[in-house]
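Working notes, beginning with the structure itself.
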Amino acid sequence: RRVVIEIPLVVHVLHNGEPIGTGANISDAQVLSQVTVMNEDFRRIMGTPGYNTHADGADVEVEFVMAQRTPDGCPTNGINRVNICQDGTNSAAIDSWKAQTIWDRDLYMNMWSSKYVGDMAGILGFAQFPGGSAATDGVSAGHTYFGSSDYDDGTFQLSPPYDKGRTMTHEVGHYLGLFHTFQGGCNGGDQVADTPAVDNPNFGCPTGHESCGTIDMIENYMDYTDDTCMNIFTNGQKARVQAVLAGVRSGLAS
Ligand code: ARG
Ligand code: ZN
Ligand code: CA
C-alpha cells in the first residue's frame, strides 16, 4: 500500500529586527500560506489553484508538515525567526546565514525566507539539489516571493506575478531532484519521459507555444511561467521525487 510521505519542515525567517509582519520579518500567516500552496501543488488537491486534470498530472504523494520539535527536542511551531542584524542577504552572505541557522538536513527540510539585496535582487529563489553540502542544504526565496496572496490576511508582502507561492513549489521540485523542463533544450535533458522537450524557458503565460515539435507544457512547475499559470507535476516527475525520497533524502521520509 502506498503511503503519503510527510516531510518535516523548518522555515527560517531571516530579518533585521523589523516587527513581525513587516519587512523581511514576514508574518506566520505568510509562512503558513507557502506550506499550504506546496501541499496543494504536490498533492494535486481538487478545487485548489494548483489542481489540474491533465492525463499526465500526478499526486506526488508528498506532504510538508511544520516541525513540532527543534533539534534539541523543544516544542516549536516550525518557524525559526533569526535577526541577522543586516538589511538583507546577497549571494556572498546567504550561504553563511544558511550554515549558521540550518537544522539537521537529514531530519528536516530547511527553507529560508530573506530579503534579497545586491546580486540577489533579481532572483526569486534557489535550491540545492540532492547530494550537495550538508551545511547549506535546502531551499531559499526572497521574502516577497514566499507565500500566496490567495491567503493574505492583510500582512503579506508579495510581488506579482510571483505572488502565488510557485517559486517555492519550483525550488522544492529541484530539492527533490527535478530539473527544468527546458533542461538540455530539444534533447530532453530533464530525464522525464512525460514532459515534452522545451527549447527555452517560457515566461508569462503563453497559449499554444510550440518548441521541439510539440506543445510546451507551460503549466509545469519546473518551467519559468507566471505563478497563476503553473499547475502540474507529471507522473514521470513524481517517480524521480519518490526515488530521491527512497534514496539520498530517505532520512526525511522516516
Ligand atoms: N528562476 C528560479 C529558478 O530557476 C525560480 C523560478 C520560479 N518561477 C515562478 N513562477 N515562481 O529556480
Ligand atoms: Zn529552477
Ligand atoms: Ca522531458
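I'd like to check something: does the range 96-108 contain any residue that is crowded, with 17+ Cβ neighbours inside 10 Å and either in a strand (DSSP E or B) or at pLDDT below 95 (or both)? Break it down stepwise before answering.
Filtering the range 96-108 for residues crowded, with 17+ Cβ neighbours inside 10 Å gives 97-98, 101-103, 105, 108.
The next check asks that each one be either in a strand (DSSP E or B) or at pLDDT below 95 (or both); those that pass are none.
Within the range 96-108 (the criterion being crowded, with 17+ Cβ neighbours inside 10 Å and either in a strand (DSSP E or B) or at pLDDT below 95 (or both)), the answer is no, since none of the residues qualifies.
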Considering the range 31-49, residues that are in contact (Cβ under 8 Å) with a residue 40 or more places away in the chain and over 14 Å from the mean Cα position of the chain (by Cα), and then whichever is nearest to Tyr145 (Cα to Cα), we arrive at Pro49
For Tyr108, indicate whether it is in contact (Cβ under 8 Å) with a residue 24 or more places away in the chain and under 25 Å from Thr36 (Cα atoms).
yes
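Could you list, in sequence order, all residues of the range 231-247 that are open to solvent by 10 Å² or more (accessible area, probe 1.4 Å) and either within 16 Å of ligand 2 (Cβ to nearest atom) or touching a Gly at 6+ places or on another chain (Cβ under 6 Å) (or both)? Steps first, please.
Taking the range 231-247 as the starting set, the residues that turn out to be open to solvent by 10 Å² or more (accessible area, probe 1.4 Å) are 231, 235-236, 238-240, 242-244, 246-247.
Across the range 231-247, the qualifying residues are Asn231, Arg240, Val244.
Among the residues of the range 213-226, write down those that are open to solvent by 50 Å² or more (accessible area, probe 1.4 Å) and not polar (S, T, N, Q).
Answer for the range 213-226, where residues must be open to solvent by 50 Å² or more (accessible area, probe 1.4 Å) and not polar (S, T, N, Q): Gly213, Ile215, Glu219, Tyr224.
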Please go through the range 210-225 and pick out each residue that is part of a strand (DSSP E or B) and more than 16 Å from ligand 1 (Cβ to nearest atom).
Glu210, Ser211, Thr214, Ile215
Lys238 is checked against (1) within 13 Å of ligand 1 (Cβ to nearest atom); (2) within 18 Å of the chain's Cα centre (by Cα) and fails just one. What number does that condition carry?
(1)
Over the range 164-197, the set of residues closer than 20 Å to Gly122 by Cβ, in a loop (DSSP other than H, G, I, E, B) and open to solvent by 20 Å² or more (accessible area, probe 1.4 Å) is His180, Phe182
For the range 178-198, pairs from a residue that is modelled with pLDDT under 95 to a residue that is polar (S, T, N, Q), with Cβ under 6 Å and 6 or more apart or across chains, are Gly189/Gln183
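The values are calculated or read from the model by the stated rules, or taken from the named source; none is laboratory data. These figures come from a predicted structure and were not determined experimentally. Note: ideal-geometry Cβ built from the backbone for every residue, glycine included; neighbour counts use all protein chains shown. For the accessible areas, the whole protein counts, side chains as well, though only heavy atoms, and no ligand, DNA or RNA atoms are used. Shrake-Rupley method; radii C 1.70, N 1.55, O 1.52, S 1.80 Å.
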